[in-house]
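> One structure is given below, represented as structure tokens, and several questions about it will come after.
The values are calculated or read from the model by the stated rules, or taken from the named source; none is laboratory data. This structure is a prediction, so every number in the text was calculated from the model and none was measured. Neighbour counts are summed over all protein chains in view; Cβ atoms, including those assigned to glycine, are modelled from backbone coordinates with ideal geometry. SASA here: full protein model, heavy atoms, side chains in, ligands and nucleic acids out. Shrake-Rupley method; radii C 1.70, N 1.55, O 1.52, S 1.80 Å.
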Amino acid sequence: MCGIFAVVKQANDKNADAANVVLEGLKRLEYRGYDSWGIAIKNGDKIVIEKHVGKIGQAKTNLPQAHIALGHTRWATHGGVTSKNAHPHLDCTQTLALVHNGIVENYQELKESLDKNHTFHSETDTEVALHLLEEKMRRLKSVPAIRQTFRQLIGMNAIIALSAKGDELIAAKNGSPLTVGLGNNANYIASDVWALMDHTNKVIFLEDGQLAHLTADIVTIYDIKTGKRLSPKTTTLDWQTEQSQLGKFHHYMEKEIHDQPKVLANISQFDTGSLDPLTKVITKARKTYLIGCGSAYFASLFGEYLLKSHNRDSEAVIGSESGKIARLLNKQSLNLMLSQSGETIDIIEAIDRAKLKGAPIAALTNVLGSTLYRKADHKILLQAGQEVAVASTKAFIAKLAVLIKIAYALNNRLSQGTLLISQSAKEVRSLLEGKSRHQIKSLATKLKDHDHMFVVGRGLAYPIAQETALKIKEVSYIHAEAYAGGELKHGTIALIEKGTPCIVTSLDKTTWSDDISAANEMKARGGVIIGIACQNHPVFDHYLAVPDLQEASAIPATTIVQLLAYDLSVARGLNPDKPRNLAKSVTVK
Ligand code: F6R
């Protein structure tokens, strides 16, 4: 989704090269997904902009030296992918630039209320907000002008303005994330905390309804409604830049899969201190709803099976469908939100809905200070490090590992859960380094030209089958569909013909004979059977061995299918890090 990065340095800084700082900041945001980008700088008493359709990649900027710059990567919502629609937008006086994340729901009404002499250059809702601000700036100073403008916007939005009249940036937000970075003789603002990594580890996470005024020396935060000055909390982040670097790998997806042994070893060390608050609220709750989107939903489904098998009432819910449980929520219904980014709009909406009912909110997220992290009453940070590849890998594995530890902790068997996770860390390492790696690559070469695949699994293997199909679809563009092991014969088996690849995921002795029956049924229709299982069987045409680690077998099984999806993508000549049409952080509906 859209990304924002801006910097303000000292006006007398002769070396200030704000346009390049912003360009590099935008490159850090590339992973979020976008289709055009642009930068505005203050140049004397005017603003100069540069905008492009397509990827930043190795782009350089031709903008002159400047001490203030404001940049944006756009993922089109209102208006097509054109350089005119790319942000920043410029007002009629060429002295005011605006970037925007979110959707101004009432932009039509606002447009009609504007003076009739504005010239519009784009089809965006953003430009309406800009001209509204332009009108307010005629009679007000920048802070009250932005305040008043922002209060008229309906929807979940974040805006940042750069005015050539001052040495300042002004931002306001409601819903869309913004983080201020506090530097030396410079201050920054970005839609994504990771983008600040090269400049500072001291940040202020802006809350909804707050406005930030940044100069090179001072950051002032205001309440948008009352206009009062606030005393924001500064957070010092503990991160290592190398966590986000590609190193010896070809793609981030490959690198992030290889990060998994470390991530798992770290989670194996999570002790009762870090897990207790969550296990206590699960114990207290009458029911736990696990809510997530995409891969995070499949992790939620894994959690549902797991908690049920550890005698806790639970239900996985797709974030965008969580309205269906709204009426059932009360103080005894725990809403456990799973989200790598902690910014997914459907999750944030689900939180607000649950809070209205007084339901407690818990979070499993990977981003400290994310909206989910800040809104949750109880939280566990996955500590998987930044995920740059669009497809989630290590954060998914981290969620499985934390859920397993929680399930064991609920029954006072945390040490056994810990052992399973530390064993899975070792098994994943040997998978990545051993002969399985070669087997997976050669399997991908055999499968790469197929248009369709099916994946089945029962019990805990079912969510893993779902995740398998999603990973294959998103990075290789092969149509893959997952079914519960017993479901295929109720209709979809009609699609299986000679040579159709059918992945059978079998991770549990109790489902083994049924898994093999499903494999035989598919084979009888011509399916080529790929067994990803804890034991081999003659029905399998190809076999990838999964170590038997009870519930934690799901972890190495997932690593196998992530590698398979990655290899399929590479074998088909695609870039697995940036699948078409997808965005890393889905902050609009
Ligand atoms: C799939 C994938 C997505 C995300 C989903 C939720 O590989 O990455 O399906 O899992 O968009 O994102 P988060 O976890 O950030 O809420």
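> Going by the conditions given, is residue 390 open to solvent by 10 Å² or more (accessible area, probe 1.4 Å), in contact with a Lys or Arg (Cβ under 8 Å, 6 or more places away or on another chain), near the ligand (Cβ under 10 Å from one of its atoms) and β-branched (Val, Ile, Thr)? Quick ask: steps written out before the conclusion?
Details: open to solvent by 10 Å² or more (accessible area, probe 1.4 Å): yes; in contact with a Lys or Arg (Cβ under 8 Å, 6 or more places away or on another chain): yes; near the ligand (Cβ under 10 Å from one of its atoms): yes; β-branched (Val, Ile, Thr): yes.
So residue 390 fits the description; yes.
> Surrounded by 21 or more Cβ atoms within 10 Å (Cβ to Cβ) and within 16 Å of the ligand (Cβ to nearest atom), is that true of residue 400?
yes
> Within region 465-487, can you find the residues that are more than 19 Å from residue 305 (Cβ to Cβ) and open to solvent by 10 Å² or more (accessible area, probe 1.4 Å)?
Those that are more than 19 Å from residue 305 (Cβ to Cβ) and open to solvent by 10 Å² or more (accessible area, probe 1.4 Å): 473, 474, 477, 479, 481.
> While we're here: Starting from residues that are closer than 19 Å to residue 9 by Cα and open to solvent by 30 Å² or more (accessible area, probe 1.4 Å), keep the ones in region 137-167 and report whichever is nearest to the chain's Cα centre (by Cα).
167
Residue-by-condition table, conditions (1) without any contact (Cβ under 8 Å) to a residue 24 or more places away in the chain; (2) assigned to a loop (DSSP other than H, G, I, E, B):
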{"site": "131", "(1), (2)": "no, no"}
{"site": "140", "(1), (2)": "yes, yes"}
{"site": "144", "(1), (2)": "no, no"}
{"site": "149", "(1), (2)": "yes, no"}
{"site": "160", "(1), (2)": "no, no"}
{"site": "166", "(1), (2)": "no, yes"}
{"site": "170", "(1), (2)": "no, no"}
{"site": "177", "(1), (2)": "no, yes"}
{"site": "188", "(1), (2)": "no, no"}
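> Which number in (1) open to solvent by less than 10 Å² (accessible area, probe 1.4 Å); (2) within 12 Å of the ligand (Cβ to nearest atom) marks the one condition that residue 325 misses?
With respect to (1) open to solvent by less than 10 Å² (accessible area, probe 1.4 Å); (2) within 12 Å of the ligand (Cβ to nearest atom), residue 325 is out only on (2).
> Given the criteria at pLDDT 95 or above, of a type in the set (D, E, K, R) and within 18 Å of residue 506 (Cα to Cα), does residue 474 qualify?
Working: at pLDDT 95 or above: yes; of a type in the set (D, E, K, R): yes; within 18 Å of residue 506 (Cα to Cα): no.
In short, no.
> On to the next question. Filtering region 366-383 down to residues that are closer than 17 Å to residue 266 by Cα, hydrophobic (A, V, I, L, M, F, W, C) and within 11 Å of the ligand (Cβ to nearest atom), which residue is modelled with the lowest pLDDT?
The selected residue is 367.
> Ok, one more. If a residue has to be within 15 Å of the ligand (Cβ to nearest atom) and touching a helix residue (DSSP H, G or I) at 6+ places or on another chain (Cβ under 6 Å) to count, how many in region 559-581 make the cut?
The number of residues fulfilling the criteria is 12.
> Please work out if residue 78 is over 17 Å from residue 164 (Cβ atoms), in contact (Cβ under 8 Å) with a residue 24 or more places away in the chain and in contact with a Pro (Cβ under 7 Å, 6 or more places away or on another chain).
No.
> Continuing with this model, one more query. Give the residue, chosen from 583, 519, 557, that is under 29 Å from residue 292 (Cα atoms) and buried (at least 24 other Cβ atoms within 10 Å of the Cβ). Let's see the steps before the verdict.
Working: 583 fails: buried (at least 24 other Cβ atoms within 10 Å of the Cβ); 519 fails: under 29 Å from residue 292 (Cα atoms).
So the residue among 583, 519, 557 that is under 29 Å from residue 292 (Cα atoms) and buried (at least 24 other Cβ atoms within 10 Å of the Cβ) is 557.
> Sticking with this one: Of the residues 50, 24, only one is open to solvent by 20 Å² or more (accessible area, probe 1.4 Å) and under 24 Å from the mean Cα position of the chain (by Cα); which?
Details: 50 fails: under 24 Å from the mean Cα position of the chain (by Cα).
Matching residue, one of 50, 24: 24.
> Does residue 226 qualify as being of a type in the set (S, T, N, Q), open to solvent by less than 90 Å² (accessible area, probe 1.4 Å) and in contact with a strand residue (DSSP E or B) (Cβ under 9 Å, 6 or more places away or on another chain)? Break it down stepwise before answering.
Values: of a type in the set (S, T, N, Q): yes; open to solvent by less than 90 Å² (accessible area, probe 1.4 Å): yes; in contact with a strand residue (DSSP E or B) (Cβ under 9 Å, 6 or more places away or on another chain): no.
For residue 226, the condition - of a type in the set (S, T, N, Q), open to solvent by less than 90 Å² (accessible area, probe 1.4 Å) and in contact with a strand residue (DSSP E or B) (Cβ under 9 Å, 6 or more places away or on another chain) - is not met.
Conditions tested, residue by residue: (1) in contact with a helix residue (DSSP H, G or I) (Cβ under 7 Å, 6 or more places away or on another chain); (2) basic (Lys, Arg).
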site	(1), (2)
98	yes, no
141	no, yes
164	no, no
200	no, no
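> Take the residues of region 107-125 that are out of contact with any helix residue (DSSP H, G or I) (no Cβ under 8 Å at 6 or more places or on another chain) and in a loop (DSSP other than H, G, I, E, B): which is surrounded by the fewest Cβ atoms within 10 Å (Cβ to Cβ)?
Filtering region 107-125 for residues that are out of contact with any helix residue (DSSP H, G or I) (no Cβ under 8 Å at 6 or more places or on another chain) and in a loop (DSSP other than H, G, I, E, B), the one surrounded by the fewest Cβ atoms within 10 Å (Cβ to Cβ) comes out as 116.
> Name every residue in region 53-75 that is open to solvent by 10 Å² or more (accessible area, probe 1.4 Å), without any contact (Cβ under 8 Å) to a residue 40 or more places away in the chain and hydrophobic (A, V, I, L, M, F, W, C), in order of residue number.
Within region 53-75, 53, 59 meet the criteria.
> Using beta carbons and a limit of 6 Å, which pairs, at least six apart or on different chains, have the first residue in region 444-473 and without any contact (Cβ under 8 Å) to a residue 12 or more places away in the chain and the second one within 16 Å of the ligand (Cβ to nearest atom)?
Matching pairs, first to second residue: 473/480.
> Check whether at least one residue in region 430-448 is away from the ligand (no atom under 16 Å from the Cβ), under 30 Å from residue 283 (Cβ atoms) and open to solvent by less than 70 Å² (accessible area, probe 1.4 Å), and report yes or no. Break it down into steps so the answer makes sense when it comes.
Of all residues in region 430-448, those away from the ligand (no atom under 16 Å from the Cβ) come to 430-448.
If we keep only those that are under 30 Å from residue 283 (Cβ atoms) as well, we get none.
No, region 430-448 has no match at all.
> Condition test on residue 335, is it without any contact (Cβ under 8 Å) to a residue 60 or more places away in the chain, in the same structural domain as residue 288 (by TED's automatic domain parsing), more than 13 Å from the ligand (Cβ to nearest atom) and crowded, with 24+ Cβ neighbours inside 10 Å? Can you show your working first?
Values: without any contact (Cβ under 8 Å) to a residue 60 or more places away in the chain: yes; in the same structural domain as residue 288 (by TED's automatic domain parsing): yes; more than 13 Å from the ligand (Cβ to nearest atom): yes; crowded, with 24+ Cβ neighbours inside 10 Å: yes.
Considered against the rule, which asks whether it is without any contact (Cβ under 8 Å) to a residue 60 or more places away in the chain, in the same structural domain as residue 288 (by TED's automatic domain parsing), more than 13 Å from the ligand (Cβ to nearest atom) and crowded, with 24+ Cβ neighbours inside 10 Å, residue 335 comes out as yes.
> Then there's this: All but one of (1) part of a helix (DSSP H, G or I); (2) crowded, with 20+ Cβ neighbours inside 10 Å; (3) hydrophobic (A, V, I, L, M, F, W, C) hold for residue 540; which doesn't?
The single condition residue 540 does not satisfy is (1).
> Mind listing whichever residues of region 338-365 are on the phi > 0 side of the Ramachandran plot and more than 14 Å from the ligand (Cβ to nearest atom)?
To start, the set of residues in region 338-365 that are on the phi > 0 side of the Ramachandran plot comprises 342, 358.
Residue satisfying the conditions is 358 alone.
> To continue, here is another question. Suppose we keep only residues that are aliphatic (A, V, I, L, M) and closer than 11 Å to residue 506 by Cα within region 545-554. Which one would you say is most open to solvent (accessible area, probe 1.4 Å)?
Only one residue fits best here, namely 545.
> Right, next: Can you confirm whether region 449-464 contains a residue that is within 14 Å of the ligand (Cβ to nearest atom) and either crowded, with 19+ Cβ neighbours inside 10 Å or not charged (D, E, K, R) (or both)?
Keep residues of region 449-464 that are within 14 Å of the ligand (Cβ to nearest atom), which gives 463-464.
Within this subset, residues satisfying the condition of being either crowded, with 19+ Cβ neighbours inside 10 Å or not charged (D, E, K, R) (or both) are 463-464.
Scanning region 449-464, I find at least one residue that is within 14 Å of the ligand (Cβ to nearest atom) and either crowded, with 19+ Cβ neighbours inside 10 Å or not charged (D, E, K, R) (or both), so the answer is yes.
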